[in-house]
């Protein structure tokens, strides 16, 4: 039995455990949304002098727009346009179609590497948070083509769509880049564990650990 196939039964058992007691807490969601609005608003205001400078540097480094827009899957399977600073060549998927990003990705531009390592490329997602499409902490949003693929290979994958996606999440601070379906399954464990236990203290802990990831340049994308 392959390593990937051996993981699947365990995932199914954990799905039942993680999601059995899941209930949307209206009070917590109201508080979480309030924190999202306050933090994203203040963040955009404080960063407003620097965001245009970053955009100019990106434009000088390589051809193409500074801002990257891509369709991602949000809560309950709805799609939205996610914003990032562009870190790859504009022709990154020409001829190959959608492929996973990976560590030391040859498609990444020179300045893009620094933006990805420091997570500065994620800053435009504060707009998504302010709009209510994302939250500060939650499972990372994936592209529709990959969500459809993962739902066929891992039927339990759809359970992570019960909450809004986040700029950072438990899987992002605890695990590396996806390089296989086995990695997706392991990160799914962290996502479902977060959904089961999400609360203010856990969000603060993840945000604190995210700061460590940013400072050390370690962690997943």
- Among 149, 142, which is in a loop (DSSP other than H, G, I, E, B) and modelled with pLDDT of 85 or more? 142
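Does the range 168-179 include one or more residues that are over 15 Å from the mean Cα position of the chain (by Cα) and either in a loop (DSSP other than H, G, I, E, B) or more than 30 Å from residue 45 (Cα to Cα) (or both)?
Residues of the range 168-179 that are over 15 Å from the mean Cα position of the chain (by Cα), as a first pass: 179.
Remaining after also requiring either in a loop (DSSP other than H, G, I, E, B) or more than 30 Å from residue 45 (Cα to Cα) (or both): 179.
Within the range 168-179, one or more residues are over 15 Å from the mean Cα position of the chain (by Cα) and either in a loop (DSSP other than H, G, I, E, B) or more than 30 Å from residue 45 (Cα to Cα) (or both).
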- Which condition breaks for residue 184 when tested against (1) assigned to a helix (DSSP H, G or I); (2) within 23 Å of residue 39 (Cβ to Cβ)? (2)
- Item | Test result for residue 5, farther than 28 Å from residue 204 by Cα, part of a helix (DSSP H, G or I) and either at pLDDT 90 or above or touching a strand residue (DSSP E or B) at 6+ places or on another chain (Cβ under 6 Å) (or both) | no
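For the range 79-103, name all the residues that are touching a helix residue (DSSP H, G or I) at 6+ places or on another chain (Cβ under 9 Å) and at pLDDT below 65.
97, 98, 100, 101
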- Item | Answer residue from the range 63-79, given it is in contact (Cβ under 8 Å) with a residue 40 or more places away in the chain, surrounded by fewer than 17 Cβ atoms within 10 Å (Cβ to Cβ) and in contact with a strand residue (DSSP E or B) (Cβ under 9 Å, 6 or more places away or on another chain) and is farthest from residue 151 (Cα to Cα) among those | 67
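The values are calculated or read from the model by the stated rules, or taken from the named source; none is laboratory data. Predicted model only: the values in this text are computed from it and were never measured. Using ideal geometry, Cβ is built from the backbone for each residue, glycine included, and neighbour counts are taken over all protein chains shown.
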